[in-house]
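Notes follow the structure.
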Amino acid sequence: MPSDMEVVMSLLADTIAQIAPLDAGVMQAARARQDMLTKPQGALGRLESLSIQIAGITGQVRPQLKQPAVVVMAGDHGVAAQGVSAFPSEVTPQMVLNFLHGGAGINVLARHVGARVVIVDVGVASEIPAHPDLVSRKIAPGTRDFSVEPAMSREQAQQAVEVGIAVAVEAIDAGADILATGDMGIANTTASSALVAAVSGMSVAEVTGRGTGVDDAGLAHKVAVIEQALKLHNPNPADGLDLLSKVGGLEIAGLAGVIIGAASRRVPVVIDGFISGAAALVAAALAPESKAYMIAGHRSVERGHQAVFGSLDLEPVFDLNLRLGEGTGAVLAISVCQAACKILDEMATFGEAGVSGKE
């Protein structure tokens with residue numbers, strides 16, 4: 001019998017191996033259809049390119065996105081003990097309960113776009129009461145304080161990625177045809193800044209923002225804590241599991257798995273803000289082919305988010321000065337993705353409408 005570790009290794013490797021390039025032929029056909037619709041070529045800008053990307057992802061010339069879902073991964077961070085957040089760790093389980101009761105920002109915006117919300121406890125430090133809408137897949141009660149020791153073992157990092165893969169596949173098997181990523185975890189901007197600095201090569205100060213709203217002194221302290229951690233651990237930017245185990249978060253690992261799982265099933269995945277962006281960097285390190293399946297939902301106020309776009313060659317759908325996380329920006333961007341696909345599918349061609357086209 002294989003060990004649990006061998007099973008996990010095999011499942012992750014198998015999932016990555018299933019990720020194929022986008023369907024070039026379908027994209028060519030979708031582009032040709034866009035060029036025949038009753039408008040000047042390119043007149044709908046990003047909606048056109050989004051529809052073509054989604055066609056290539058799904059393998060459908062006229063894709064339809066009717067069952068969106070957002071996966072919100074929750075986990076705590078040991079580095080919160082260093083005072084890097086304006087909020088205490090107790091807020092993490094309290095907000096998970098708020099999600100489950102339907103009262104958070106992500107619940108409101110998910111209802112607005114008709115998206116199912118999947119709440120996953122992958123590493124909350126306290127026990128959350130059982131709830132029919134809670135997916136309990138806890139790997140550990142939070143990470144360790146990565147300013148003094150690795151955040152988690154390499155095995156735990158892989159297990160958390162595996163949780164994300166499984167949750168994504170379960171959502172897709174239940175009918176989801178587009179996924180969004182969301183997060184909850186006090187101090188997770190600290191872990192994300194560490195990951196982004198490690199991957200991008202930019203200085204910690206360049207990619208570290210105020211998170212939940214720390215003051216100038218708090219920001220300087222946050223930068224110093226991250227610098228100390230990176231000097232101590234020296235994570236390998238090309239090794240996603242090394243990044244996660246040294247300075248990552250369990251919910252960040254879970255989101256990386258969601259991205260990889262979606263890509264393996266040819267389902268588009270809309271990336272939320274800074275924390276989801278850090279997870280996307282990890283996913284790209286683990287599975288470079290997954291980048292083609294990512295859609296950047298929005299540009300966060302967090303200053304390091306732009307470094308994520310540079311590393312992944314992504315352009316956000318919009319910029320609304322959001323910094324909440326939870327998947328809020330991503331679910332709003334799902335509505336734009338749906339609109340893009342509806343244009344491609346429902347808009348008449350010049351021939352169908354009897355309109356004279358360009359000579």
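The number of residues in the range 212-229 being within 24 Å of the chain's Cα centre (by Cα) and part of a helix (DSSP H, G or I) comes to 4. Would you be able to tell me the number of residues in the range 274-289 that are more than 16 Å from residue 197 (Cα to Cα) and either touching a residue at least 60 places away in the same chain (Cβ under 8 Å) or among the acidic types (Asp, Glu) (or both)? Total meeting the criteria: 3. Checked against the criterion of being touching a Pro at 6+ places or on another chain (Cβ under 6 Å) and surrounded by 24 or more Cβ atoms within 10 Å (Cβ to Cβ), the candidates 198, 194 yield just one match: 198. Every listed requirement among (1) over 26 Å from residue 261 (Cβ atoms); (2) surrounded by 24 or more Cβ atoms within 10 Å (Cβ to Cβ); (3) touching a strand residue (DSSP E or B) at 6+ places or on another chain (Cβ under 9 Å); (4) hydrophobic (A, V, I, L, M, F, W, C) is met by residue 37 save one, (2). Restricting attention to the range 212-231 and to residues that are in contact (Cβ under 8 Å) with a residue 12 or more places away in the chain and more than 28 Å from residue 95 (Cα to Cα), the residue that is surrounded by the fewest Cβ atoms within 10 Å (Cβ to Cβ) turns out to be 228.
Contact map, the range 232-251: residues that are at positive phi paired with residues that are buried (at least 16 other Cβ atoms within 10 Å of the Cβ), Cβ distance under 9 Å, separation 6+ or inter-chain. Pairs shown: 234/198; 234/246.
Yes or no: the range 310-331 includes at least one residue that is hydrophobic (A, V, I, L, M, F, W, C) and free of Cβ contacts under 8 Å to residues at least 24 places away in the same chain. Scanning the range 310-331 turns up at least one residue that is hydrophobic (A, V, I, L, M, F, W, C) and free of Cβ contacts under 8 Å to residues at least 24 places away in the same chain. The lone criterion from (1) touching a residue at least 40 places away in the same chain (Cβ under 8 Å); (2) within 19 Å of the chain's Cα centre (by Cα); (3) more than 25 Å from residue 321 (Cα to Cα) left unmet by residue 109 is number (3).
Please work out if residue 42 is under 24 Å from the mean Cα position of the chain (by Cα), on the phi > 0 side of the Ramachandran plot and surrounded by fewer than 24 Cβ atoms within 10 Å (Cβ to Cβ). So residue 42 does not fit the description; no.
Counting only residues that are without any contact (Cβ under 8 Å) to a residue 60 or more places away in the chain and within 17 Å of the chain's Cα centre (by Cα), the range 171-211 holds 1 of them. Filter the range 93-149 down to the residues that are among the polar types (S, T, N, Q) and within 18 Å of residue 70 (Cα to Cα) and list them by number. Hits for the range 93-149 are 98, 107, 136.
Do the conditions hold for residue 263, that is, is it out of contact with any His (no Cβ under 6 Å at 6 or more places or on another chain) and modelled with pLDDT of 95 or more?
In short, yes.
Which residues, counting only those in the range 9-46, are out of contact with any helix residue (DSSP H, G or I) (no Cβ under 8 Å at 6 or more places or on another chain) and within 15 Å of residue 347 (Cβ to Cβ)? Of everything in the range 9-46, those that are out of contact with any helix residue (DSSP H, G or I) (no Cβ under 8 Å at 6 or more places or on another chain) and within 15 Å of residue 347 (Cβ to Cβ) turn out to be 32, 35, 39, 40, 43, 45.
What's the total number of residues in the range 320-355 that are crowded, with 22+ Cβ neighbours inside 10 Å and among the acidic types (Asp, Glu)? Matching residues across the range 320-355 total 1.
The values are calculated or read from the model by the stated rules, or taken from the named source; none is laboratory data. What you see is a predicted model, and the numbers here were worked out from it, not measured in a lab. Reconstructed Cβ throughout: ideal geometry from the backbone, glycine too, with neighbour counts over all protein chains shown.
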